[in-house]
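This report concerns only the one structure given below.
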Amino acid sequence: VWGYHLLPDIYHQQIIEDPLGLLAQWKQLLSVYPPKLKQAILRRHLGSLRYWKVDYHYQSKVARGDVVFLAGLSARLVHDIMQVLFALNETYFVGDGNNLDFAAHFRLVPARLAERVELALCPPPAEDRFSRQRQTLVELIEDVEKLSEAGGCQV
């Protein structure tokens, strides 16, 4: 859904044949998580999270119950959260699959991440479900910001 990312794709590939050793060289270069990559990912995705956390339009769509907007934005915010968590834990993002399985082993991760992500992406039927969904996401964003600050990342 969110595209391919060259460095993580190379890092996670299993080399079957590499007669010139080129792929092995690339993978060796990626054995240490690049600090500049970490900062770039944090800057991009924390910026998005901080923006949407307080955005008026997001709040108005919640009040209106705009299902299509909220479904798309919720997925986007969870993606941003996952990108930040992977970067904070200096782990190459694995793409769209198994994010929560990876995150379960991270040192820096919000409490009850999987449960809260599920609530954010699949809010249970209730009159105030979109308000609860937004509140869940805002709280996750705040927890991710705290983890970023605790990890010494000033972005």
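Values computed for the structure shown
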item	result
Under 19 Å between alpha carbons - lysine pairs in the chain that sit 8 or more apart or on different chains	5
Highest-fluctuation residue, I141, I16, I81 considered, GNM on the chain with Cα pairs under 10 Å	I16
Probe 1.4 Å, protein heavy atoms only - accessible area per residue of the chain in square angstrom	60 Å²
Nearest-10 value in Å² for the accessible area of E115, using the 1.4 Å probe	100 Å²
Order of exposure, largest accessible area first, which applies to F69, F93 with probe 1.4 Å	F69, F93
Correct choice for mean projected area of the Cα convex hull in nm² that was computed from the model, options [x] 17.3; [y] 12.2; [z] 9.9	[z]
Most fluctuating residue given options V78, V94, V32, as computed from a GNM of the chain linking Cα atoms under 10 Å	V32
Mean Kyte hydropathy of 0.5 or more with a Cα span along the axis of at least 15 Å, helices from DSSP in the chain	67-88
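The values are calculated or read from the model by the stated rules, or taken from the named source; none is laboratory data. Worth saying up front: this structure is predicted, and the values here are computed from it rather than measured. These accessible areas exclude ligands, DNA and RNA; they are computed on the full protein's heavy atoms, side chains included. Shrake-Rupley method; radii C 1.70, N 1.55, O 1.52, S 1.80 Å.
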